[in-house]
1. Once the piece of chain linking Ile132 and Lys68 is laid out straight, how much longer is it, given 0.36 nm per residue of separation minus the C-alpha distance between them?
2. Describe numerically, in nm with one decimal, the distance between label points set 7 Å from Cα along Cα→Cβ at Cys5 and at Ser44.
3. Here is the link list: Lys115/Lys139; Lys68/Lys131; Lys131/Lys154; Lys58/Lys112. Which ones come out longer than 21 Å on Cα distance?
4. In whole Hz, what ³J(HN,Hα) sequence does region 165-172 give by Karplus (6.51, -1.76, 1.60; θ = phi - 60°), x for Gly and Pro?
Amino acid sequence: MKTKCVFLSTILTMVLTLTIFGQTTDTVKTKTSIKQNDISSVLSKPVFESIVDSLNTKVWILTQNQYKEIMKTKMGETMTTMKNDSLTMDRATKETMMEGTHYFIFDVTNIKTGKEVADTSAKVEIVSPSKIISSVNLKPMMNHFGGGVSLDEKGEYLFTINLNVGTGYKTTQLKYELK
């Protein structure tokens, strides 16, 4: 009986030792990929979020300085060099994003699949506190839409987001107070 225990202990020790020595010591170098909801993990809580018709929409409104700080991060580098189908962020697109006083980010995902909605375009109409109406075509980014907007007055703004989803339009409205 003692010989069986010693024999099994020896075999077990050899097997465990071989598996430790059998592991590779090479360091694997891989690039981190941007996950579907990385915009949410980089930014703070959205100023607006809603779920309508199985679409989860989130909106962030950042000052241009806050946006510039994000562009200095790893995600910003990825956004600058991104290639999404035929879309490349060139100098003109980057300058358009930096226009205005604030940066508007619109993220829309299908709650059933958890993926971004395909074949879409977005436009935001802005009504200022003094009832001046302006609109901005939001540029498709990695997994969201974005664009520079001018919020020059203090007070309550009304934003109407029109999302063209191939088969029709989805409209979302939100109010935002600039203090």
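No value in this document is a laboratory result; all are computed from the given coordinates. Small disclaimer: the values here were computed from a predicted structure and weren't measured. In this analysis, Cβ positions are derived from the backbone assuming ideal geometry, glycine residues included, and neighbour counts consider all displayed protein chains.
1. Working: separation 64, 0.36 × 64 = 23.04 nm, distance 2.70 nm.
Working it through step by step, the gained length comes to 20.3 nm.
2. Taking the two extended label points, one gets 6.4 nm.
3. On the way: Lys115/Lys139 18 Å; Lys68/Lys131 29 Å; Lys131/Lys154 12 Å; Lys58/Lys112 16 Å.
In this structure, Lys68/Lys131 lie more than 21 Å apart at Cα.
4. Values per residue, Gly and Pro as x: 9, x, 8, x, 10, 10, 10, 10 Hz.
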